[in-house]
Amino acid sequence: STSTYQPRQLQTYRSYHATSAADRGGPALALGLGAAAAVAKAGQYAARAFNQYQIEAKEAAEAEAQRRKEQGLPSEEEERAQEEAEAAAQGKAEADGKAKGEKGPRENIFNTFFNMGVGSKFYEGGFEEEMTRREAALILGVRESSTPKRIKEAHRKLLVLNHPDTGGSTYMAGKINEAKELLLKGRKA
């Protein structure tokens, strides 16, 4: 049968088509050592460059301190301490004002906590007696020269959010409608 293992034929086959283990060892070892040497040299260069950077950074800081001293400016440490003291005093004043019930400027909570300006492009109120085109554009969050389609889309979005049937203010809904009518007046739909 031809399926039996024949070691003599395998050995003959290998001698024609493969390199022996002894012949493979030298080049593989040389390549491995060469790669290790290259990595070591790269590490040496990186360490040397980092040390040079530290020296230059220290010299630059000393030169900056000397320049500030010559110009009569406070040092960076003094300036930083002064900024921290001012921030602490401002924070304390704000806290005292809030404790007394004083109202500060309006704050966009979403922007403060989530870094998202939800509704930040829209007008925050303080309406004029008679609405102007500028105020109307600010209310809808569009430009005065916007297309009728864009004005209508902005109006619809705002009205959905502020509709009296869904808990919105009738006054706000009226202002939103007035803004749309003023911007669309004299335009073709």
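The values are calculated or read from the model by the stated rules, or taken from the named source; none is laboratory data. Computed from a predicted structure; not experimentally measured. We place every Cβ from the backbone using ideal geometry, glycine too, and count neighbours over all the protein chains shown. Heavy atoms of the whole protein, side chains included, go into the accessibility calculation; ligands, DNA and RNA do not. Shrake-Rupley method; radii C 1.70, N 1.55, O 1.52, S 1.80 Å.
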For Phe50, the accessible surface traced by a 1.4 Å probe with all protein chains present amounts, in square angstrom to the nearest 10, to 110 Å²
Using each residue's phi in segment 162-171, evaluate 6.51 cos²θ - 1.76 cosθ + 1.60 at θ = phi - 60° and report the 3J(HN,Hα) Karplus result to the nearest Hz, with x for Gly and Pro.
10, 5, x, 5, 10, x, x, 8, 5, 5
Which length gain, in nm to one decimal place, applies between Gln82 and Gln44 when the Cα-Cα distance is subtracted from 0.36 nm times their residue separation?
9.5 nm
HN-Hα couplings for segment 143-158 via Karplus (6.51, -1.76, 1.60; θ = phi - 60°), in whole Hz with x for Gly/Pro, come out as 7, 4, 9, 5, 6, x, 4, 5, 4, 5, 5, 5, 4, 4, 4, 5
Could you give the length gained on full extension between Glu144 and Arg156, defined as 0.36 nm per residue of separation minus the Cα-Cα distance, in nm?
2.6 nm
For a quick check of your reading of the filter: which trypsin sites (Lys or Arg not before Pro) in segment 125-189 sit in a DSSP loop and have no more than 15 other Cβ atoms within 10 Å?
Arg143, Lys185, Arg187, Lys188
Would you kindly state how much longer the chain becomes between Leu31 and Arg187 on full extension, computed as 0.36 nm times their sequence separation minus their alpha carbon distance, in nm to one decimal?
48.3 nm
Ala61/Ala89 FRET efficiency (R0 35 Å; Cβ-Cβ; nearest 0.05)
0.80
Karplus-derived 3J(HN,Hα), 6.51/-1.76/1.60, for each residue of segment 29-35, Hz, glycine and proline x
5, 5, 5, x, 5, x, 5
DSSP loop GluC sites (Glu not before Pro) in segment 123-172 with at most 15 other Cβ atoms within 10 Å of their Cβ, which ones?
Glu124, Glu128, Glu129, Glu130, Glu144
If you take the charge dipole of segment 18-91 about its Cα centre, with +1 on Lys and Arg Cβ and -1 on Asp and Glu Cβ, which of Ala88, Ile55, Gln71 is farthest toward its positive end?
Ile55
